[in-house]
Amino acid sequence: MRHLIDFGDLSRQEWDELYARASGIMDDQGKYLDTCRGKVMASLFYEPSTRTNFSFQTAMLRLGGTVFGFADPSSSSAAKGESLKDTIKMVSGYADVVVMRTPWEGAAKAASLYSNVPVVNAGDGGHMHPTQTTADLTTMTRLLGGVDGLAVGLCGDLKNGRTVHSLIKAMAKFENIRFFLISPRELAVPGYMRAFMRENDMRFTEVTGLEAVIPQLDVLYMTRIQRERFVDPLEYERNKGIYVLTRRKLERAKEKMLVMHPLPRVDEIAVDVDDDPRAAYFQQARYGMFARMALLADLANQPRLERTEAVEIGRAPVCRNPRCITQTEDYLPPLVKKTGGVECCAFCDAALE
Amino acid sequence: MRHLIDFGDLSRQEWDELYARASGIMDDQGKYLDTCRGKVMASLFYEPSTRTNFSFQTAMLRLGGTVFGFADPSSSSAAKGESLKDTIKMVSGYADVVVMRTPWEGAAKAASLYSNVPVVNAGDGGHMHPTQTTADLTTMTRLLGGVDGLAVGLCGDLKNGRTVHSLIKAMAKFENIRFFLISPRELAVPGYMRAFMRENDMRFTEVTGLEAVIPQLDVLYMTRIQRERFVDPLEYERNKGIYVLTRRKLERAKEKMLVMHPLPRVDEIAVDVDDDPRAAYFQQARYGMFARMALLADLANQPRLERTEAVEIGRAPVCRNPRCITQTEDYLPPLVKKTGGVECCAFCDAALE
Amino acid sequence: MRHLIDFGDLSRQEWDELYARASGIMDDQGKYLDTCRGKVMASLFYEPSTRTNFSFQTAMLRLGGTVFGFADPSSSSAAKGESLKDTIKMVSGYADVVVMRTPWEGAAKAASLYSNVPVVNAGDGGHMHPTQTTADLTTMTRLLGGVDGLAVGLCGDLKNGRTVHSLIKAMAKFENIRFFLISPRELAVPGYMRAFMRENDMRFTEVTGLEAVIPQLDVLYMTRIQRERFVDPLEYERNKGIYVLTRRKLERAKEKMLVMHPLPRVDEIAVDVDDDPRAAYFQQARYGMFARMALLADLANQPRLERTEAVEIGRAPVCRNPRCITQTEDYLPPLVKKTGGVECCAFCDAALE
């Protein structure tokens, strides 16, 4: 692996190696104090994301590496007035690995074409956020011994959640997963995700209530339901309590079940759950740091390419997605890929018309 | 000591040990280059304080440790939308020690209840700022050989100054201190501070002029007088010159007297004083860094608590102080402590009604 | 060299030593991993300059040193309310070297009077930016074997460009330089720069077209032409294409010619030039980092001055330049120097009236 743009880029074997390294770090951090000595990470956050930013920074620092970059849009405005390509050429001249978060879909892929060093996607709009998925899978593997065979409840807004969709796709790499999809009907998983699960022989059950299925779960993955997602605000008021996890609802759960959440939470998990031994969401954040350490230990130590290959110069975007990076960076090449027989933009994955 | 929330938490013996370590660092910095190797400090500044922030950061860096965090309210807005508890659970999963500055009184105490690692209060509103006091005492001890027996002039606004009140309280740990309290009558020390000094057998003399007492002082601690503090602006104009230190006024001072100031100054010390050997305020800032090194060398190396104890969940704040952290973080427990027989909020120290 | 305020401060021998160190670093970075171990750099950017800031930061980090400071005006507002002198006294108490960028001409010089540690000018308004010049000369020397004897085309706005003027002045230290000054007549080099070149026996040819002279050049240094610089916007429209470098125009250039640019570019170099082997502007940015490493390796390791010399206190500015630092910092001494027989402000170099 040269870059991490999409979790789908990883083979099962590459994932197993990544987890083994993360696990080794958790067992003995002292052995990794100099793993990235002399290496420098660029941290380019074109939109704020304190949690992801802190997790990457501390991951690099704990490997003996160092960090520079910007943390929010006001600072990054300083980097405006030049193309993404020019920024990446500059930054990858200073750094050994580039971590970037942007509101533009496909931006990390675009950066990887021009970078002299590996690029990590720390979230590109609503598109991908692969290191959240590595955090999730690391948590399950570390605390439950593995991912194969788990019964996973996904609860909340399953229609709009990037985290949930990424997790479902990633779990196709594992054997014998069973999903319980717990959401109001308005916020059920989209049809293409259902199709994906069927194609990959993943079993799933869709329900509207949490309490009935909780005893069957090995993992309960909570997500936030936003009032704005409902057409009818009254519908929101009627529903919201159903999807709030409380200590009382936990009573019927398995003793070893994990409660997970990508954080930040608002009120979908009551504060009294925090002290239950099944509450794994704060550990999940910490395990995300270890997973990022495992990733950076590999990528920041890869050899630098002094000259990158010439890239075709585009003339006009082929993609119509208004949030795609090709809309604003007009020199990008017209890259197309096939997904399930459909031609898609190779940056943002939107189907071409 | 697990956390440093209030200088009063330190016993005289703990202070002596802390100073001995600070002094050892000043004598031979080279011995401390790896003291915090592999350790990471979170620096959470919910309000800007460049000087304190830089002092803590450089302290950690000079011990071979590393730093992440945010420096001002606009960045920290990224951390909003979640409770202080959740932020601290996240951050203390990434860090080995947490330094925090907030506008909310009692916030550092609140953070310490949930943190897996030590918490240092770098100022919580008008409440406490214990590392300023360690900087002050380190300066006196280093330059004068000790604090016991000193004649200390406190000059300026003694009514509103957090720094001055903290210093008076801290000096109760020492023997045979004599204060000269130099201020306009409108800005004299509050009655409860006078009561505190009497209870602790500290001698003090209140005067309105600086020049008459200057020959008696071992330390002259200057603070700023703000025009806004005066009811009558004319009174300010009549008074301000009296409390400005000039080279001429210094002529009658002892040869070894120290001029101190918490900085930043505005015009309460004339620029021509800077080159006088008695001017100690810039050294005082530097000694503050060494004192913070001594503190972090201890705290950042303390073992992490994987699970923190369950904390009672509050229902409604018992404290009425509108600047108290319990006003906005409603899950905080209703902790009460007795101070001189009076029930006080255990977060902000305000008396309960 | 104690401070780097102006490239003119360096003798030819000091430059040769600086380059030799930069070159040694490029040949074997591994030997320099601990050169600044335990040393801390203050990075004070009173105006944003992402590229310069990143270059200095990564230079220090790659030497094993560490960095603190602020990156933009909103953060630095926190440092306001005190004089530059007080800020520098504080910061130079925490740091081993101070790098500063300001909008005020002469600010780095002013800082150097009060600093306990070396000061580097990272740009002071339109005045000086000496480390850009070190980056430029390092690039030429590394890629062409030396600077003596080069034919250098300077193309674009030669009237207003600080970078170009600094480069011309710096090249007076070398032998047998020939300049081709390529610009619209409205934006030709100022008369005093022509006088400078004549006094220093530097040959130069002024032309308005790029294509005719390109075959003679060893270096083509491109700069941006801003529409706002033209009195007549139509004149801009008629001219702009002439000064845009394209792959086609490159066809007649020498095979080893370097295309340089201080970056960021807007559209004065077409994207299709980037993959030509003569395109050196991204390498130039990277070489700037190595040149800064060579500089910091020296300055950050110089002994600290515990007490700085007393500096005369000014009463009123002698300089009339409204952008000069003496206009706002009224305690600065009335320093004057002679340049070519004319009395000039020793901070901003403006002629006194």
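Throughout, read-outs are computed from the coordinates displayed, never taken from laboratory work. Note that the structure is predicted; figures quoted are calculated from it, not measured. Every residue, glycine as well, gets a Cβ built from its backbone with ideal geometry; the counts of neighbours run over all protein chains shown.
General observations
- On the basis of the beta-carbon distance and an R0 of 45 Å, B:ARG185 and B:ALA20 show a calculated FRET efficiency of 0.65.
- Taken over the C-alpha atoms, chain B has Rg and Dmax values of 20.6, 60 angstrom.
- Part-to-part distance (alpha-carbon centres) for segment A:218-263 and segment B:242-281, which is given in Å: 63
- For segment B:157-162, Karplus couplings with θ = phi - 60° (6.51, -1.76, 1.60), whole Hz, Gly/Pro x: 8, 9, 7, 9, x, 4
- Under a 5 Å amide H cut-off, with hydrogens placed 1.01 Å from N, B:LEU245 pairs with B:ILE269, B:ALA270 among residues at least 5 apart or on other chains.
- Taking the Kirkwood radius as Rh and the Cα radius of gyration as Rg, the protein assembly as shown has a ratio of Rg/Rh equal to 0.99.
- Within chain C, helix-based [θ] at 222 nm, where runs of 4 or more DSSP H residues each add -39,500 (n - 2.57), nearest 500: -10000 deg cm²/dmol
- When A:LEU4, A:LEU143, B:LEU158 are sorted by how many other C-beta atoms sit within 10 angstrom of their C-beta, beginning with the fewest, the order is A:LEU143, B:LEU158, A:LEU4.
- When B:ARG307 is represented by a point 7 angstrom out along its Cα-to-C-beta vector, the spacings to that point in the other copies are 6.0, 6.0 nm, nearest first.
- Scalar couplings 3J(HN,Hα) for segment A:311-320, obtained by applying the Karplus form with A = 6.51, B = -1.76, C = 1.60 to θ = phi - 60°, are 10, 3, 9, x, 10, 7, x, 8, 9, 9 Hz; x denotes Gly and Pro.
- Among A:PRO190, A:PRO262, A:PRO317: highest mean-square fluctuation, GNM of chain A, C-alpha pairs under 10 Å: A:PRO190
- Note on B:ARG229/B:ILE313: beta-carbon distance plugged into 1/(1 + (r/R0)^6) with R0 of 41 Å gives a FRET efficiency of 0.50.
- From the largest down, segment C:103-149 spans 40, 24, 14 angstrom on the principal axes of its Cα atoms.
- For segment B:238-308, a Kirkwood radius taken over Cα pairs fed into Stokes-Einstein (4 °C, viscosity 1.567 mPa s) yields D = 87 µm²/s.
- Backbone N under 17 Å from the C:GLU47 label point (7 Å along Cα→Cβ), restricted to segment C:190-231: C:224, C:226, C:228-229
- Kirkwood Rh in Å, taken over all unlike Cα pairs in segment B:14-58: 12.6
- Under 16 Å from the A:VAL266 label point (7 Å along Cα→beta-carbon), backbone N, segment A:118-156: A:156
- Ranked list, fewest to most other Cβ atoms within 10 Å of each Cβ, for C:VAL336, C:VAL244, B:VAL40: C:VAL336, C:VAL244, B:VAL40
- Ellipsoid fit via the Cα gyration tensor, segment A:234-353: semi-axes of 43, 24, 12 Å, each the root of five times an eigenvalue, largest first.
- Sorted ascending by nearby beta carbons within 10 Å, beginning with the fewest, A:MET60, B:MET257 become B:MET257, A:MET60.
- Equivalent ellipsoid semi-axes - Cα gyration tensor, segment B:131-278, angstrom: 22, 20, 13
- Taking label points 7 Å from Cα along the Cα-to-Cβ direction, A:VAL207 and B:LEU305 give a separation of 3.7 nm.
- Calculated FRET efficiency, C:ASP9 to A:ARG252, Cβ-Cβ distance, R0 = 60 Å: about 0.20 to the nearest 0.05.
- Averaging Cα coordinates gives a centre for segment C:9-43 and one for segment C:154-202; these two points are 28 Å apart.
- Cα-based Kirkwood hydrodynamic radius, segment C:1-106, one decimal, Å: 15.3
- In Hz, Karplus ³J(HN,Hα) per residue of segment C:22-31 (6.51, -1.76, 1.60; θ = phi - 60°; x = Gly, Pro): 4, 5, x, 5, 4, 6, 7, 4, x, 6
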